[in-house]
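A quick write-up on the structure given underneath.
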């Protein structure tokens, strides 16, 4: 069993809820250990962990400092029935078994050990741009959305924004000296309201998807989306992926380039390749000057039913690209993903 406790922001009580359910499991006779807990010195959370066996963290030297990380080998040797592993979006110190903690969790699950974990909604890769637009803060640590889809259960840990701000002012989220900056930044009430709506919608989509699978009515994949993007259009890729998920379709991502790429272009292409890999999309890189003939050929080869693209530049061709696509592919739906901000 893999259970993820999802929240809108730090301080809503994800770790506390995870511990409460873990204590109930232990009282029912299950072998429960804490592989890694981040209590952030919150007294109520630390008190709730009392009595649970805690696997010591391993100390790792990195760039002249010693850091503490999850001890994956120790957890696998201990082989409990249930392991608590907080903050699945965490990035590990280089040199460990995996770059990311969610990959450690995959190893624990593969060993037949149940896992409880936690994450905030802003860490989901496909929501990265949306969260940045809503809050003005770009989250750097992200996880593939299928981390949630692979979970057996996603539990929303909800808290009204006013209550979270009250907890913040009382020093129950961050140390008091960090509160003023938090209130002026990420923890503005309008940000929290927006994030709460995103979290609620995410869990609702997750529940609906599970219902369809459980009832055997999951729609067959009939839509195939194709996103025509430049090297700086990661936002379009994420928006296209979200659309593909809602339509129950597959996503192809097409880059059309010409000439020998520069070092900067190679770096940006590799970043795009990593993003599509994380999302589970298919990246296609083709040579060409005019993107339309390439797009038309790929769309026919891939059976595309839906094309998404960024706002097109109009300088190179007299007729806007979107109109040329509509004429060339009359049976394909076309959507322009506009800039926001």
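The values are calculated or read from the model by the stated rules, or taken from the named source; none is laboratory data. Remember, predicted model here, so these are calculated numbers, not experimental data. All Cβ positions, glycine included, derive from the backbone under ideal geometry; neighbour counts span all protein chains shown.
Points to keep in mind about this one:
- Exactly one residue out of 47, 41, 9 is within 30 Å of residue 165 (Cα to Cα) and crowded, with 17+ Cβ neighbours inside 10 Å: that is 9.
- Identification of helices (runs of 4 or more DSSP H) wholly contained in segment 1-104 with 1 or more residues that are closer than 23 Å to residue 203 by Cβ yields 14-27, 43-48.
- Meets criteria (out of contact with any helix residue (DSSP H, G or I) (no Cβ under 7 Å at 6 or more places or on another chain), modelled with pLDDT of 90 or more, farther than 21 Å from residue 13 by Cα and surrounded by fewer than 18 Cβ atoms within 10 Å (Cβ to Cβ)) for residue 110: yes
- Whichever residue in segment 248-265 is surrounded by fewer than 20 Cβ atoms within 10 Å (Cβ to Cβ) and under 19 Å from the mean Cα position of the chain (by Cα) and, among such residues, is farthest from residue 293 (Cα to Cα): 248
- Exactly one residue out of 69, 53 is in the same structural domain as residue 101 (by TED's automatic domain parsing), surrounded by fewer than 14 Cβ atoms within 10 Å (Cβ to Cβ) and either in contact (Cβ under 8 Å) with a residue 60 or more places away in the chain or in contact with a strand residue (DSSP E or B) (Cβ under 7 Å, 6 or more places away or on another chain) (or both), and it is 53.
- Checking the stated criteria, residue 171 turns out to be in a loop (DSSP other than H, G, I, E, B), over 24 Å from the mean Cα position of the chain (by Cα) and surrounded by fewer than 19 Cβ atoms within 10 Å (Cβ to Cβ).
- Screening 173, 115, 119, 131 for residues that are assigned by TED's automatic domain parsing to the domain that holds residue 198, in contact (Cβ under 8 Å) with a residue 40 or more places away in the chain, over 24 Å from residue 238 (Cα atoms) and in contact with a strand residue (DSSP E or B) (Cβ under 9 Å, 6 or more places away or on another chain) leaves exactly one candidate, 115.
- The sole residue among 196, 239, 201 that is part of a helix (DSSP H, G or I) and at pLDDT below 85 is 201.
- For segment 132-142, the criterion of being surrounded by 16 or more Cβ atoms within 10 Å (Cβ to Cβ), in contact with a helix residue (DSSP H, G or I) (Cβ under 8 Å, 6 or more places away or on another chain) and more than 22 Å from residue 70 (Cβ to Cβ) is satisfied by at least one residue.
- Scan of segment 304-341 for residues that are part of a loop (DSSP other than H, G, I, E, B), at pLDDT 85 or above and surrounded by 14 or more Cβ atoms within 10 Å (Cβ to Cβ), ordered by number: 304, 305, 329, 332
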